[in-house]
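This report refers to the structure that appears directly beneath it.
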Amino acid sequence: MTSPALHNSRFLKACRLEPTDTTPIWIMRQAGRYLPEYRKLREGVKNFLELCYTPDLAVEVSLQPIRRYHMDAAILFSDILVIPDALGQKVEFHENEGPVLASVQSETDLKRLDAGRVLDHLRPVFETVRRLAREIPAETTLIGFAGSPWTVAVYMVEGRGGGDCRRIMDWARQEPDGLQRLIDLLVEATVAYLAEQARNGAEAIQLFDSWAGAFAKPRNAAGFRRWVIEPTRRIVGQLAVRCPEVPVIGFPRGAGDLARDYATATGIRGIGLDSETPLDWIAKILQPICTVQGNLSNRVLVEGGEPLENETTRVLEALAGGPFIFNLGHGVLPE
C-alpha cells in the first residue's frame, strides 16, 4: 500500500504531471565512492555483490546521501547486474576494472540461465527495500530499479561494458531469434524483480538503459524499436497491471532524437535525459509527452563553483516550468 505521505511526495507529484512547490531532485549514483562514509564502509566488504546482498549494508549506503543532502528520493542501493547473477551467469566485479561476466554467446549458454531462481536469489534485495521503506523520511520517495533488457544483455553478451557492442550487434544481425530469446528471458525476470520491489515498498521505478545509444550513432531506428523500445514497453505494460500506482522512469542514455519514440511508445511516466540532449528540444518535444528528468553534466558537478551555478540555472530556466525532476545526465563521478 502507498502511504499518504509518499503518495503526495514532491517526486511522485512530478511523475503524475501535478504541480509541485519546488523542483524535486535526486541524482543518479547518489550513493557511492564520492562519499567518505561509503568508502569507509566499503573497505570492510570483500566484493561488491556482497554489499548489494547484505541488507544491513545496502540500507546504510542507500541512506547516506539522504542524511547529507535531503534529496526528494532515495534509490535502492544495488546493481543492474544482480539479474544476470540471479539467472545463474557468473558475475564478478574487479577493482578498477568494473564488472566481468562469463559471456553468453550460444544456445547452450542460454539454456544454463534459469528465470525460476531469480526471486529466491534476490530475497536480500527485497529485504533491503522493505527496510528502506520504513526508514527513509516520510516525504522521501523510494525508487527501485533494474537495468533494461537491452543494456543487461549487452553486459551478458560482451562480458563487460559495451564499448562498441560489436558482439551483441553481430548476434542481433546474424541470429536475431537467438538474441530475442535472451531478451524475452530478461523481460520475464525484470518484471518479476520490479513487481516484487514494488510489493515491498518501492514507490517508483527507474529502468536504466545505459547502452541504448548504440542505436543512435549510426542511427538505427528499427534496431532501437526492437531491442530498446519493445522490451521496455512490455515491462511497463506488465507493471501497470501488477503495480499501477508505481510510475516508471526510463533512462535511454545516448538515444538522441530516438528518445521521442521511446517516450511515446513505451508507456513510461518519465524519461531521463543525458547531458548531450539539448534543453530546448527536451522542452518542446518531450515535456508535452511526459515528465522529464535530467540533465546536468556530472563533470560540471565536479567543477563546482560558478560553472555549476550557471549550468544549474540554465537547466532550471529551460525545464522547471513543466513536469520536471532535476538530476544529472549520468551518475555522480567518484571524484
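Show that you can apply the helix-only estimate: for the chain, add -39,500 (n - 2.57) for every DSSP H stretch of four or more residues, divide by all residues, and state [θ] at 222 nm to the nearest 500.
Working: 17 runs with 153 residues, N = 335.
Value at 222 nm, helices only, nearest 500: -13000 deg cm²/dmol.
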Positive-end extreme of charge dipole, the range 188-258 - chosen from A192, G237, P218 (charges on Cβ): P218
message: On the Cα set of the range 57-102, report Rg and Dmax in Å, please.
response: 13.9, 39
Accessible surface of the range 14-157 [probe 1.4 Å, protein heavy atoms]: carbon and sulfur percent: 48
query: GluC sites (Glu not before Pro), restricted to the range 71-110: which are DSSP loop and have at most 12 other Cβ atoms within 10 Å?
result: E95, E97
- prompt: What is the magnitude of the charge dipole of the chain about its Cα centre, with +1 placed on the Cβ of each Lys and Arg, -1 on the Cβ of each Asp and Glu, and no other charges, expressed in debye to the nearest 20?
  reply: 460
task: Take the Cα atoms of the range 235-274, build their convex hull, and give its volume per residue in Å³.
output: 55
- prompt: With every protein chain present, what is the per residue accessible area of the range 185-335 (1.4 Å probe, Å²)?
  reply: 40
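What is the antiparallel percent of DSSP beta bridges lying wholly in the chain, to the nearest 5? Don't skip to the answer; put the middle values down first.
Details: 5 of 29 bridges.
For the chain, the DSSP antiparallel bridge percentage is about 15.
Given charges of +1 on the Cβ of Lys and Arg and -1 on the Cβ of Asp and Glu, with all other atoms neutral, how large is the dipole of the range 283-326 about its Cα centre, in debye to the nearest 20? Each step should come with its number before you reach the end.
Details: 3 positive and 5 negative charges, 50 e Å.
Taking the Cα centre of the range 283-326 as origin, the dipole is about 240 debye.
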task: Rank these residues by their accessible area, most exposed first, probe 1.4 Å: W211, W150.
output: W211, W150
message: Tell me the relative contact order for the range 180-291 as a rounded percent, counting alpha carbon contacts under 8 Å between residues six or more apart.
response: 29
- prompt: What are the principal axis extents of the Cα atoms in the range 178-253, in Å, biggest first?
  reply: 40, 25, 16
message: Which one, A115, W26, G270, is farthest towards the positive end of the dipole of the chain when Lys and Arg carry +1 and Asp and Glu -1 on their Cβ?
response: A115
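Using the Cα centre as the reference, give the magnitude of the dipole from point charges on the C-beta atoms of the range 3-140 (Lys, Arg: +1; Asp, Glu: -1; all else neutral), rounded to the nearest 20 debye. It would help to have the intermediate numbers written out before the result.
Working: 19 positive and 20 negative charges, 53 e Å.
Value, rounded to 20: 260 debye.
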- prompt: Quick one: Cα convex hull volume of the range 23-75, Å³ per residue?
  reply: 74
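How many Å² of accessible area per residue for the range 4-138, probe 1.4 Å?
49
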query: Round to a whole number: what % of the accessible area of the range 190-274 belongs to carbon and sulfur, probe 1.4 Å?
result: 50
- request: For the chain, evaluate the Debye formula with one uniform point scatterer on each Cα (no solvent term) and list log10 I(q)/I(0) at q = 0.08, 0.14, 0.15 Å⁻¹, rounded to two decimals.
  value: -0.34, -1.15, -1.35
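If you take all C-alpha pairs in the range 1-114, what percent of them are over 21 Å apart? All intermediate terms of the calculation are to be shown ahead of the outcome.
Numbers: 3414 of 6441 pairs.
Tail of P(r) above 21 Å: 53 percent of Cα pairs.
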- prompt: When the distances between all Cα atoms of the range 250-303 are binned every 5 Å from zero, what whole-number percent does each bin get?
  reply: 4, 22, 34, 23, 10, 6, 2, 0
message: How many angstrom lie between the Cα centre of the range 5-46 and the Cα centre of the range 227-301?
response: 18
- prompt: How big is the convex hull of the Cα atoms of the range 225-335, per residue, in Å³?
  reply: 105
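Based on DSSP H assignment, which helices of the chain show an axial Cα extent of at least 27 Å together with a mean Kyte-Doolittle hydropathy greater than or equal to -1.0? Spell out each step's value before the answer.
Values: long enough: 176-199 (34 Å, 0.21).
Span-like helices, by this rule, are 176-199.
The values are calculated or read from the model by the stated rules, or taken from the named source; none is laboratory data. Model, not experiment: these values are computed from the prediction. Glycine also receives a Cβ, built like all others from the backbone with ideal geometry; neighbour counts cover every protein chain displayed. To get the accessible areas, we keep the full protein, side chains included, count just its heavy atoms, and leave off ligands, DNA and RNA. Shrake-Rupley method; radii C 1.70, N 1.55, O 1.52, S 1.80 Å.
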